[in-house]
Every structure is written in structure tokens, then in C-alpha cells.
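Just so it is clear, none of the values below were taken in a lab; they were calculated from the coordinates. All of these numbers come straight from a predicted model, not from anything done at the bench. Note: ideal-geometry Cβ built from the backbone for every residue, glycine included; neighbour counts use all protein chains shown.
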Amino acid sequence: MSATAEHIARYNFAYLDEQTKRMIRRAILKAISIPGYQVPFASREMPMPYGWGTGGVQVTASIIGPDDVLKVIDQGADDTTNAVSIRAFFQTVADVATTTETGKATIIQTRHRIPEESLTAGQVLVYQVPIPEPLRFLEPRETETRKMHALEEYGLMHVKLYEDIARHGHIATTYAYPVKVEGRYVMDPSPTPKFDNPKMHMSPALQLFGAGREKRIYAVPPFTRVESLDFEDHPFQVQTFEEPCALCGGTGTYLDEVVLDDRGGRMFVCSDTDYCEKRQASASALLGEEDAR
Amino acid sequence: MTDQALLSARSLSKHYGNRIGCTDISFDLWPGEVLAVVGESGSGKTTLLNCLSTRLLPTSGVVSYRMRDGAFRDLYRMSEAERRFLMRTDWGFVHQNPADGLRMTVSAGANVGERLMALGERHYGNIRASATDWLGRVEIAHDRVDDEPRAFSGGMRQRLQIARNLVTGPRLVFMDEPTGGLDVSVQARLLDLLRGLVQEMELAAIVVTHDLAVARLLSHRIMVMKEGRAVESGLTDRVLDDPQAPYTQLLVSSILQV
């Protein structure tokens, strides 16, 4: 046994103890049974600060098995601090295989993006959620928001969208855009850009949401209707970009703005690094073929 | 007016432990009728109003309401969902402090439109048109539709609160000291407005006030409360001009003459 293996032997598989995992799995099962409903759970203290994905990590730890292949993204990127740390965490405590390729992963933990590549049946997308309650900034009382969900009183959600139009002339909410799940619960899709909302609709993958600080888990089972709220005369629209990605030339993807210098220089690149790299690789392979000819 | 009561209370009591909030109150309210509940502070007026409007669970007694389909239902046997639906469609509640009844951080237009959106209205243009129309009816200038109530004066806030409550065409409005804290000229205009709206929309209203002049102007009938009990009730003019109960006589004679 190597020194690392002895070291990790002190942890239970995937860090959490088995009773905690069972408790979280029960919450997940309930969440899947009631799509969009926020299930309270006894969130544990994790070896990372709140706001860094404690909810997502607990969900992942409860569903991961030795055969799983884990991918972790942070704003679409595989190589940023949060993604790298969480990937390393599960390599250490669960000894699982990891990947940056969307297609090869069985579990994808994400902070604020949905991969560009379509997900397939059998994949699980785990979201890190800071504030699970879509009504929170409109109604501060938890007792009241729970009642509003129970009685399906969602007029207030539209008040927010009304305010957007009154102030900006269009619905200016660009992320954490509220959705209605299976025609019943209004849900916060976590702070993903509204660009990703249509990907949640009828997705073949299971989508799980974990909020560690707020102690809530919710879920969208595969092939569930997810509709973005809107007005008849101001229908839901996703962001569009004028230019293609500066690296891969892709259009129809969500782009990040990268500031290049202090003279106003900037470029727009795909926020999904895996998707962008794959396109670049296939483009250069194509070029290589042409050169060979 | 029809021969069927809109709202009726029977032996309504609310006790706070050993203390009496209000006790053994019975009355009927007819459609289109305005009832004033008067009395000094601490006499149980607001407790009674809250018990009637399902905001406070009474200790005993029955409150029944004539629904739009004609059925006479016991409010406290209805489900909470039904009661809340009633609250935001067929009823209105005007608070003494407008901040309690308004959303201070969203625009006036959204404040008025909220009930419409709660009822499933999903056309921005229509919601805005109704909101603007209602602001006009309560004498708030059209160009204030996107301002927050925080930027409004006390009188304007109160009128906005009234618009917000009336936009769904309710049949019954509860008012708790609607003119409290306003100066006399603003009070007079608000009363004038309320009188017009009540008549135009054939609203029934229960108005709690300690101001007998407000009661005289707004109400058809009056109920005088003291220490949680109704000591006298009758037509407003009769009670104020010919008070029978000693307490009412004291109350009427206490009005300051200018």
C-alpha cells in the first residue's frame, strides 16, 4: 500500500459516512418524485467554505460509485480553481476516474453552466446552488414562500419580470431565470445563464441541485418539462452573440468576454472549454489532412 | 341591496389568554353596505377586523361569507388555499400604514398589477394598461407608474394601496384606519375618493376608525365598541345624533368642535 492509499483509508468512501449518504439519497429520491420541490436535508459541514459547492459536493458524494467517471466544471471551464479542487477532492476520497470530456462522464458536477454538448440518458448533472428559493428576494419569509409553493401562488414571480420590463423595456434577468417544472413548481435553475434554460427542458439526463448552506436538494428527472416564465407579449428569449468564438469559431454557444489589455482589447470565447477544445482539435485535424494532401 | 347578507358574524370572540380581544360580536353586512366600527384604542376594533378577514383565528364563533356562486360558506371551514384566494380576489384589505399593504421596493404599476398576475394575467401590455387606469382613478399621475412607493407621499401611498386592492373588482373591503396619520386636507380628498369608489363599485366595506367624522362620512351603519364588546349599533346618523348607550354619549360629546 502506498503512502497515499494508507492516508485515504482513514476516510470513508467519498468522504461522507454511510448514514449521511443514505439520508441524502432519501432526500434525492423525494426530490426526484416531486420535480422542482425543495427538499430540506441535514447538510453536513464540508472541508470547504459555503459558496464553494458544499451542496453539490454532498450530492455527488452520495451518488458516486467506484465505476463512475466524474467531470467538474466551473462556469463551463474544467481548469478553474473550483473545478480542479473538487475533482482532486473526489480523486482523493473516492479514487474515481475523472475526465474533462462531457461525453465520457457519468456524473458532471457544475457551477453555473450546462455543457454545450447534449447530455445523454444515464448521465447525472449535479448543480451547485447558492440560493435555492426563486422567491427569496421578493419575499424574505421562509414560512411565506413555502406556503406560496404549496398553494401554487406564483403571481409574485411575474412581478419581478414586470419590473424588468418597466425599467429596461425587456426582461433583463439573464441568469437564475425562473422556470416552472412539469407545470407545477417554480424553480431557480441556479445562477446558470438563461441561455442554458432550454437545455433543461426534456433533458435525457437526471438533474440534481444541492444547496449546502440553505440545506435544500431539488431535482428535475429525465424528460421533464421545464418552461421559462414570461409574458405573452414579452416571450422568453436567450442571449445571442454577434461574433463567433474567437478560438474555435463556433456559433450558438455561450461566450465569455476576456479582457486582453487595458486599451479596450477583448475577445469572446466559448465558456465551455471542453466543447471549444474539441472543436479546435477537429479543425486542426482537418487542416492537417489538407496539408497532407 | 338584496335580502341576503354578504358577511355574517355570530358570537365571534377572540381571547388572548385571559385577556379579551373582542367577545360575543354578532352582525350581518349586506352587499354594498359600509359598516364603521368605532371605539377608543384598545377596544378590540382591529382584533375584530382581523378575525373577520381571516388574518387572525378567532377563539370561538362563526364568520360566514356569501361566495360569488351564492353559497354561504363558513370562512374557518374553508381550506387555506380558498381563503387566500378569496383574500386576493373578492376582498381587499387597506392597512393603516401603507407600507404594510404595499411592496415598497417594486414600482407602483407592479403593485397594482400583482393581483392580476396572481390571477394568471400574462400579458404585460394589459397589466400595465389596467395599472395606469387604476392610478388615474385614485388620482395618481400616469408618469408615476414606474416609481417606487418609497418616492410617494403618505396620501399617495394610501391611494396606491386602495388601487392595488380594488383592481380585481372585489365585493368587500376591510379598512383599518384608512385616514390615520394623514393631514386633514389629504384626509378629506381620500374620503371623497373612497366614497366615490364605494358607490361606483357597489362595494361593501368594514371600516375601523376612531374618528367619528370619518364614520359619519363613509358609513351607513355604525358599531360602537368598548372593552371588546359591541355596546351599541345602528344607522350612523341615528347613533351619532341620538346616542343611547352612556359610552356612546361620552364618545359623541368628546368630539372637538372647531
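Of note:
- Within the listed set B:ARG88, B:ARG238, B:ARG103, the residue fluctuating most in the Gaussian network model of chain B (springs between alpha-carbon atoms under 10 angstrom) is B:ARG238.
- Per residue of peptide B:119-127, the mean number of Cβ atoms on other chains within 10 Å of the residue Cβ is 5.
- The loop-placed trypsin sites (Lys or Arg not before Pro) in region A:10-102, going by DSSP, that have at most 13 neighbouring Cβ atoms within 10 Å of their Cβ come out as A:ARG10.
- Gain on full stretching of the segment that runs from A:LEU286 to A:ASP233 - 0.36 nm per residue minus C-alpha separation: 14.5 nm
- Take each residue of peptide A:228-236, count the partner chain Cβ atoms within 10 Å of its Cβ, and average: the result is 3.
- Gyration tensor verdict on region B:131-208 (Cα atoms; rounded if a/c is under 1.5, prolate if a/b is larger than b/c, oblate otherwise): oblate
- Stretch gain in nm, segment A:ARG167-A:ARG146, where the contour uses 0.36 nm per residue and the Cα spacing is subtracted: 4.7 nm
- Among A:GLY56, A:GLY169, A:GLY76: highest mean-square fluctuation, GNM of chain A, C-alpha pairs under 10 Å: A:GLY169
- For the protein assembly as shown, a crude dipole built from +1 on the beta carbon of Lys and Arg and -1 on the beta carbon of Asp and Glu, taken about the Cα centre, is about 1720 debye to the nearest 20.
- Cα-based shape type of region B:163-230, given that a ≥ b ≥ c are square roots of the gyration tensor eigenvalues and the cut on a/c is 1.5: oblate
- Sparsely packed GluC sites (Glu not before Pro) within region A:46-121, loop by DSSP, other Cβ within 10 Å at most 16: A:GLU101, A:GLU117
- Free of any chymotrypsin sites (Phe, Trp or Tyr not before Pro) that DSSP assigns to a loop and that have at most 15 other C-beta atoms within 10 Å, the longest stretch within chain A is A:51-136.
- In this Cβ point-charge picture (+1 for Lys and Arg, -1 for Asp and Glu), chain B has a dipole of about 620 debye about its Cα centre.
- Over the residues of the protein assembly as shown, the helix contribution to mean residue ellipticity at 222 nm works out to -10500 deg cm²/dmol, using -39500 (n - 2.57) for each DSSP H run of at least 4.
- Computed FRET value (nearest 0.05) for A:GLN19 with A:TYR175, which takes r as the C-beta separation and R₀ as 25 Å: 0.10
- Computed FRET value (nearest 0.05) for B:ARG238 with B:ALA141, which takes r as the C-beta separation and R₀ as 56 Å: 0.85
- Residue exposure sequence - B:SER219, B:SER53, A:SER284 - by fewest surrounding Cβ within 10 Å: A:SER284, B:SER53, B:SER219
- Sparsely packed loop sites in region A:218-293 (the GluC sites (Glu not before Pro) outside DSSP H, G, I, E and B with at most 16 other Cβ atoms within 10 Å) comprise A:GLU232, A:GLU242.
- Length released on extending from A:GLU242 to A:THR80, taking residue separation times 0.36 nm less the Cα-Cα span: 55.7 nm
- Considering only region B:161-253, percent of DSSP beta bridges that pair antiparallel, nearest 5: 55 percent
- Three-way shape label, chain A, alpha-carbon gyration tensor, a/c 1.5: oblate
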